[in-house]
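Written out below as structure tokens is the structure these notes cover.
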Amino acid sequence: MTVLTLKQKLAILSDAAKYDASCASSGTSKRDSSNGRGVGSTEGMGICHAYAPDGRCISLLKILLTNFCVYDCAYCVNRVTSNTPRARFTVQEVVDLTLGFYKRNYIEGLFLSSGIIRSPDYTMEEMVRVAQSLRLDHDFRGYIHLKVIPEAAPDLVNKAALYADRVSINIELPRDESLTALAPEKSAQGIRKAMGSVRLGIDQAADTAAKARPPSFAPAGQSTQMIVGADAATDGEILGRSDRLYGAYGLRRVYYSAYSPIPDTTSRLPPMRPPLMREHRLYQADWLMRFYGFERIEIAADNEDLDLAIDPKLAWALKNRGQFPVDLNRADRERMLRVPGLGVKSVDKMIEVRRYKRLVLEDVKRLARGLAKVKPFIVTQDWRPGALTDQADLRATLTPPQQPSLF
Ligand code: SF4
């Protein structure tokens, strides 16, 4: 067997990790080493998020412990029946790489996932050893995100959450029956049970926080990833599943990852990846549910997909023109947030400004950074849209031109 160098392992195992999108690092507790104690920081220069053009976080050392895997998930390039090149790090190698890269200022933390080696428990134990060594042996105070293996013993999952800032358990596919068909060793029920147990730990840690300093338990919460376009689930179904996950397990984020076709797999999977715009529209819709007060059903019913040509808030406004125009000098925040082109920050600034003056179109232009999308849906001191809101070709005038494909 060829012995791989550390560099070769890094090339294989960082490439294999790129399919996991659930690596954002917001919301953790503050730790720093500016007083000369410990290594790393989650503050200031410590964590700054950087995203690759495809939206994936690149500020962390994002690797797999190994891409050997005894499972056979049809949608995964690392499945046991795939003939991809394999590699495996030792625990010490991951610890040394993390510290080395951190000290060179290449990374702000570690995102560690793994294929299943031998068994879920064995794999989880190895990952916990990495985090434990970083925290206890090296006083590492940077960010750690561990991918939890849902089939691992609950005490191992709890240990992972004690050392990591964030843990994530991938829900994988929007439909339970698709998971059963495409990932025979996984169970949707088992995944939800593990999420429930993490939520319980986070809630208990928060409960005791006021009384004593409890050991921190995944202070940045838990997240998950759903693969989009590997099965026939509609956007409405996907958002419905996300909505239930946010409610039941207190997830910080659901990440949507467009399915990438992989060689030599089952014909039950589509031969092409879905348009990246679908992933983008799902993120926008997810944002509307979490920060703009939209119910999932207002955005897409179970049998509906999102409109790829326009953003979901504009799509909703065009279907509900009777709710417009909104008078920006009188409306409450909730109604203002429904105006296409107005974000949370713009609305909050407008509410601030209107305490001492009546809003005019020029204010909106400045605060919303653009008027074209907003104008048909608002009233200000000096502007009424008149018939514009109901104009038949309004959608066409607000639809961004499509860039022709190069191929
Ligand atoms: S468990 Fe499934 S998704 Fe995870 S690495 Fe193994 S084959 Fe891939």
May I ask you to list pairs of residues, at least six apart or on different chains, whose Cβ atoms are under 7 Å apart, with the first in the range 258-272 being in a strand (DSSP E or B) and the second being open to solvent by less than 100 Å² (accessible area, probe 1.4 Å)? Ala258/Val228; Ala258/Gly229; Ala258/Arg273; Ala258/Pro274; Ala258/Leu276; Ala258/Arg278; Ala258/Glu279
Filter the range 185-194 down to the residues that are more than 10 Å from the ligand (Cβ to nearest atom), in contact (Cβ under 8 Å) with a residue 40 or more places away in the chain and part of a loop (DSSP other than H, G, I, E, B) and list them by number. none
Since Tyr283 meets every condition but one in (1) in contact with a Phe, Trp or Tyr (Cβ under 7 Å, 6 or more places away or on another chain); (2) buried (at least 20 other Cβ atoms within 10 Å of the Cβ), which condition does it not meet? (2)
Subset of the range 59-87 [touching a strand residue (DSSP E or B) at 6+ places or on another chain (Cβ under 7 Å), near the ligand (Cβ under 10 Å from one of its atoms) and closer than 13 Å to Ala11 by Cα]: Leu64, Thr66
Would you mind finding the one in Ser242, Ser257 that is at pLDDT below 95, among the hydroxyl-bearing types (Ser, Thr, Tyr) and closer than 25 Å to Asp305 by Cα? Ser257
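Which is closer than 27 Å to Asp307 by Cβ and aliphatic (A, V, I, L, M), of Val353, Val360, Val344? Give the steps one after another, and end with the answer.
Working: Val353 fails: closer than 27 Å to Asp307 by Cβ; Val360 fails: closer than 27 Å to Asp307 by Cβ.
Exactly one of Val353, Val360, Val344 is closer than 27 Å to Asp307 by Cβ and aliphatic (A, V, I, L, M), namely Val344.
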Would you tally the residues in the range 138-162 being part of a loop (DSSP other than H, G, I, E, B) and within 16 Å of the ligand (Cβ to nearest atom)? 5
Check the range 163-172 and report whether any residue there is assigned to a helix (DSSP H, G or I) and either free of Cβ contacts under 8 Å to residues at least 12 places away in the same chain or surrounded by 20 or more Cβ atoms within 10 Å (Cβ to Cβ) (or both). yes
Return the pair list, or none, for Cβ contacts closer than 8 Å from residues in the range 369-389 that are without any contact (Cβ under 8 Å) to a residue 24 or more places away in the chain and farther than 25 Å from Tyr356 by Cα to residues that are open to solvent by 10 Å² or more (accessible area, probe 1.4 Å) and outside any loop (DSSP other than H, G, I, E, B), at least 6 apart or on different chains. Leu388/Lys375
Among residues of the range 318-331, those that are over 26 Å from Pro274 (Cα atoms) and either in contact (Cβ under 8 Å) with a residue 40 or more places away in the chain or crowded, with 19+ Cβ neighbours inside 10 Å (or both), counted: 8
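If you go through the range 96-124, how many residues are charged (D, E, K, R) and either under 24 Å from the mean Cα position of the chain (by Cα) or more than 16 Å from the ligand (Cβ to nearest atom) (or both)?
Matching residues across the range 96-124 total 4.
The values are calculated or read from the model by the stated rules, or taken from the named source; none is laboratory data. Because the structure is predicted, anything quoted here is derived from the model rather than measured. Virtual Cβ from ideal backbone geometry, glycine too; neighbours counted across all protein chains shown. All accessible areas refer to the heavy atoms of the entire protein, side chains included, with ligands and DNA or RNA removed. Shrake-Rupley method; radii C 1.70, N 1.55, O 1.52, S 1.80 Å.
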